[in-house]
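The values are calculated or read from the model by the stated rules, or taken from the named source; none is laboratory data. Computed from a prediction, not measured in an experiment: that's the story for all the values here. Cβ coordinates were reconstructed from backbone atoms using ideal geometry, including for glycine residues, and neighbour counts include every protein chain displayed.
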Amino acid sequence: MKVLKGLIAAATLASMMTGTAFAAQNVVNVAIVGEPDTMDPMMSTKDVVSIVTQHFYETLFTFNSKFEVVPLLAETMPTISDDGKSYSIAIRKGITFHDGSTMDAHDVADSLNRWVKTASRGKGVADKIDSISASDDFTVMIKMNTAYSPLLSLLAFSNSAAVVYPQENIGEDISAVVGTGPYKLEAHKPDQYIQLVKFDNYVSRDEPSDGGSGARTQSMDEIRFIPVPDSNTRVEGILSGQFDFADGLPVEAIKRLEASDKAEPMVLRPFGWPIFAFNHKDGLNTNLHIRLAVQAALNEDDMLFAAFGDDAFFVTDGPLYPEGWFWRTDAGASAYNVHDADAAAGHLKEAGYDGTPLRILTSHQYEFHFKLAEVAKANLEAAGFKVQLDVVDWATLGQRRNNPELWDIYITHSPFIAEPALNSMYSPTSRLGWKDAEKEAILAEFTSVSDPEQRKVLFSKLQEKVFEQVPFIKIGGFNALLGKSSKLNGVTKTPWPFFWNATIDD
Amino acid sequence: MPLYIARRLFGMLVVMLIVLTVVFVIVRIAPGDPAALILGPDATPEDAIELREKMGLNRPIIVQYFSFMTQIAGGDLGRSLFFDTPVTTLLYQRAEPTIFLTLFSLLIAVSIAIPIGIYAAYRRGSFFDQSALSLAMLAAAIPSFWTGLLFQQYIAAGTGWFPVSGYGGPDANFFERMWHLILPAIVLGVVNSALILRFTRASMLDVLADDYIRTARSKGMSERRVVLRHALKNALIPIVTIVGLTLALLISGAVVTERVFNLPGIGSLVVGAVLRRDYPTIQGTLIIVAGLYVMVNFLVDMLYLAIDPRVKY
């Protein structure tokens, strides 16, 4: 009897300990892959920063489920002058910041001016902007020196984002985390949690929710982001019910998630594309024939299988946009996945290749990068290359790839982005340094015309150039595995998941 | 004795100066750029240069070194590049889980190791002794991350009695936070018990073979008294030494266990700082850890005086 009482007492204590912390309703616990580097979304292009900060900072525009740009803090879509150089943006009235102040066009103009000055994506467009100013309390005017059609997509993107801060908080650094979003920052214990609470004075848009656009319902009182760097720990956390949502799970966990009665898998199909980025500034890859030899030598199918293990999680697909996307075109893609060692050897001969090692820079930070590199090394050696795999940690890779003398290829990946011009790798000023007069002309036209069909034709020319010139190689498409509680609803599948419309069943 | 303490304190100061310099040099020699990491994959090299300038990382190394030493002399461990928070604040925030994890796991380790070590020595060569040694070997050989993952899968997720990871949310009270430490403390406690057990057994075996033990027995003293009063007391010095070293090791952060159980302690702080090349945090944490190490060793030496009256300084 005493033993039984003891067991009951222990079980009660255990349920008290675990129950209060984890079963609290109206709180959604989200396991993210690590601590965000900053709470200032202008300053970072990292996805984890976007995922967290989009709940408390908002942009003028956003994307709906069809990746169309739609207004968020802007009242409507802007009025654009006929020459495409002048944008008049009406701002919504009655929007309150988390500190109680009211948003007006001066806050927006100062925020955009900071974005142009400090954000990586803002700086990329700075040379095309003459001025950003408030023409009255609720209208912002952007004057360009050249037409630039991706501008609205840039303003809508949550990555290196053009968010709006209160004017008085804007400086070189942002003095306080104060936005207009549906949730506000309540507490932040680094590496432990980021607690967001519902912002009572939030004014939602009236349109139905659709992707990131429309009504933001604030169904949950709190959102807690919990940095959990170890992917196995995220898996156990979602399976145990400790987390309601877990980002970035290893693909091997899918069977356990499918078998669980507490959690279920969410497969983001497609998530993104692994990339072999080429150095055009220095070294072997300044020679076109070397790049063509690499393209001819690779067996992308084998590489993807080695990297992802399960063909439910990858697709051997060369075109730069996946099936079903507006930008999809097969132009030039016959050069993909040819795995022709003889053709590669021919290019090497043409290049006068002297056996200098081809340096591939990668890391174990993302295990699939390393696995891709290993198979690529075998393919390239079979074609006659000497290959040097430089496997370093992520911080070192981040430093080395900024020095063109230290690498020939580095491996990275990216989600599919709605607007191709937001991909910096096409730009001659990017880290890759891809310069080609014809490509610059196509790119210039692509970013200045606004007719979607005309742009689509231009993009297909751009893609053709990618396969001809090999500035980088898309290895294929891959899917991402996320996990969610069986009781969690209202979460859209996206690389940047948001929870303002989430609900948890009782 | 006062002269000995003064000498030791001076020695500790010299050690700390060497540690400061070595730590500063090592983190600067390691490749990697905190600015590039903060800015993310799509930032340009020019952006990274600009941020490095802003963070003061483009100053000559010697200037950075003297600025670092001046800061330390003033009791300032610097400001985290990543969290934009004073390193002392970060250490203060991370101290609680590490201190309690250390205490719990040490308690578990000592509770397992010392009684078993004593009994194994007393029953040398017996089945119990052989089993204890084999289990100790096994505990030391199994990596703690593997045990941790098994505990997470079968005990935490399996029963739902324990949290899988973390240290509780914003509304977690002290007891809830401590509840998060139970499984990691068992994992660490079992691993660390192996070494203490082997030291206890070896030390007891030495003492049990001494003449005064035979004398005690020949006087008709009970075995319990012989073992616990006469033998154990004389066997304590190596045991206290190894317990002290284990304590110092645990304070410095049970890096792997903290990582697996996602505990926001000093171990995970230093690992995160290394991965992010957060120089001030790496430096500040290592200085404090080195200081604690030196201090624990000093205290263990002082403890010898209380344990063994024959020890004189």
Residue count for segment B:224-267, restricted to those that are of a type in the set (S, T, N, Q), out of contact with any strand residue (DSSP E or B) (no Cβ under 9 Å at 6 or more places or on another chain) and buried (at least 19 other Cβ atoms within 10 Å of the Cβ): 4
Determine which single condition A:PHE313 fails, assuming it passes every other condition in (1) free of Cβ contacts under 8 Å to residues at least 12 places away in the same chain; (2) crowded, with 20+ Cβ neighbours inside 10 Å. (1)
Checklist (1) under 27 Å from B:ALA95 (Cβ atoms); (2) free of Cβ contacts under 8 Å to residues at least 12 places away in the same chain applied to B:ASN297, failing item: (2)
Taking segment A:134-172 as the region of interest, how many residues are more than 23 Å from A:PHE459 (Cβ to Cβ), of a type in the set (Phe, Trp, Tyr) and under 21 Å from the mean Cα position of the chain (by Cα)? 0
Starting from segment A:197-212, keep only residues that are touching a residue at least 60 places away in the same chain (Cβ under 8 Å), then list their pairs with residues that are surrounded by fewer than 17 Cβ atoms within 10 Å (Cβ to Cβ) and of a type in the set (Lys, Arg) whose Cβ atoms are within a distance under 9 Å, requiring at least 6 positions of separation or different chains. A:ASP210/A:LYS66; A:GLY211/A:LYS66
For residues that are touching a residue at least 40 places away in the same chain (Cβ under 8 Å), within 12 Å of chain B (Cβ to nearest Cβ) and more than 13 Å from A:LEU481 (Cα to Cα), tally how many sit in segment A:240-259. 3
Okay, helices (runs of 4 or more DSSP H) sitting entirely in segment B:1-113 with 2 or more residues that are within 14 Å of chain A (Cβ to nearest Cβ), I get B:2-29, B:34-39, B:45-55
What residue, among those in segment A:379-413 that are buried (at least 22 other Cβ atoms within 10 Å of the Cβ) and assigned to a strand (DSSP E or B), is farthest from the other protein chains (Cβ to nearest Cβ)? A:ILE409
With a cut-off of at least 3 residues that are closer than 27 Å to B:LEU250 by Cα and within 14 Å of chain A (Cβ to nearest Cβ), name the helices (runs of 4 or more DSSP H) lying wholly within segment B:116-230. B:144-150, B:174-179, B:182-208
Mind checking whether some residue in segment A:158-165 is touching a Phe, Trp or Tyr at 6+ places or on another chain (Cβ under 7 Å), away from every other protein chain (no Cβ under 14 Å) and not in a loop (DSSP other than H, G, I, E, B)? yes
Please verify whether segment A:40-61 includes one or more residues that are modelled with pLDDT of 90 or more, within 12 Å of chain B (Cβ to nearest Cβ), surrounded by fewer than 24 Cβ atoms within 10 Å (Cβ to Cβ) and touching a Leu at 6+ places or on another chain (Cβ under 8 Å). no
So which pairs qualify, if the first residue must be in segment B:20-37 and free of Cβ contacts under 8 Å to residues at least 60 places away in the same chain and over 14 Å from B:ALA273 (Cβ atoms), the second must be β-branched (Val, Ile, Thr) and surrounded by 14 or more Cβ atoms within 10 Å (Cβ to Cβ), the Cβ gap must be under 6 Å, and the two must be at least 6 apart or on different chains? B:PRO31/A:THR396
Quick one: A:ARG431 ticks every box in (1) loosely packed, with under 15 Cβ neighbours inside 10 Å; (2) touching a residue at least 40 places away in the same chain (Cβ under 8 Å); (3) part of a loop (DSSP other than H, G, I, E, B) except a single one, so which number is it? (1)
